[in-house]
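Here's the structure we're looking at; comments come further down.
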Amino acid sequence: MNLFIDRISVMGRFIECCCTSVYEVSEAVAGGASRIELCENLEIGGTTPSPGLTEQVLDICPIPVNVLIRPRGGDFVFSEEEGERMREDILDCKRLGVNGVVIGALHPDGSIDAGMMHRLIQAARPLSVTFHRAFDCCSDPFRALEDIISLGCDRLLTSGLAASAYEGRELLRELVSAAGDRIIIMPGAGVKPSNIAELEAVTRAREFHGSAHSGSGTTDRRVVSQLAGQ
């Protein structure tokens, strides 16, 4: 699998495509995506996909699939019951054989809920772990970055605390610089063919995240290809 990832990365940009159906995954793969983030209910920011959908996608997808673990829309302050539900969803994903999980949890003051995150990461390993855009609701981005690195997350998905990654590009540049080689900073939200080249130049990020929607509102292989620079 790593050889495949390396080959794709040489061919174009590393694009993680956010998909909500088998059809969208097929389009993403055909367009040259490097990895899938699978979720449902994207209109509320995404929630955990059903095990059935995850299994269907794994059956047809030749590239790595990371699964969003989020029990509901709204904020990222989760109860203990919600935390246990997320842990169980992570264990289900491990049994199905996904590449990684995408998680995040905050305290009411906007700091990282390190206790809950530690339990979720323990459940997830050895899967890849991405901290999701809960980060964009944090109160101190650089303190949060250090906490996320200390937890051992492999990747941080963020728009730079802005409505879109393009609007947050200057903070994204600072985060990439502060992170160094300790964690991958992956810009996401509003990443489009029209702005990805500038985002890449400004931020120096190595991976990008987007839904690659066409005018129809679904992932389109042509948009994916444009994002990947192929």
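What follows draws every value from the coordinates through simple rules; no lab data is involved. Remember, predicted model here, so these are calculated numbers, not experimental data. Quick reminder, even Gly has a Cβ in these numbers, built from the backbone with ideal geometry, and neighbours come from all protein chains shown.
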Give the residues of the stretch 101-138 whose amide nitrogen is closer than 12 Å to a point set 7 Å from the Cα of Glu84 in the direction of its Cβ.
none
Calculate the FRET efficiency for Ile149 and Lys94 from the Cβ-Cβ distance with a Förster distance of 22 Å, rounded to the nearest 0.05.
0.40
Charges on Cβ only, +1 for Lys and Arg, -1 for Asp and Glu, centred on the Cα centroid of the stretch 2-228; of Ala163, Gly215, Gly115, which one is farthest towards the dipole's positive end?
Gly215
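Determine, for each peptide in 14-27, 66-79, the mean count of other beta carbons within 10 angstrom over its residues, then list the peptides with the highest first.
So the order, starting with the most tightly packed, is 14-27, 66-79.
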To check you understand DSSP bridge types, tell me what percent of the beta bridges within the chain (both residues inside) are antiparallel, rounded to 5.
10 percent
Among Phe76, Cys39, Ile196, the residue whose Cα sits farthest towards the positive end of the charge dipole of the stretch 2-228 (+1 at Cβ of Lys and Arg, -1 at Cβ of Asp and Glu, taken about the Cα centre) is Ile196
Between the stretch 186-211 and the stretch 22-89, how far is it from one alpha carbon centroid to the other, in angstrom?
21 Å
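Under the definition of Cα pairs under 8 Å and six or more residues apart, what whole-number percent is the relative contact order of the chain? Each step should come with its number before you reach the end.
On the way: 461 pairs, mean separation 48.0, N = 230.
Reported as a whole number, the value is 21 percent.
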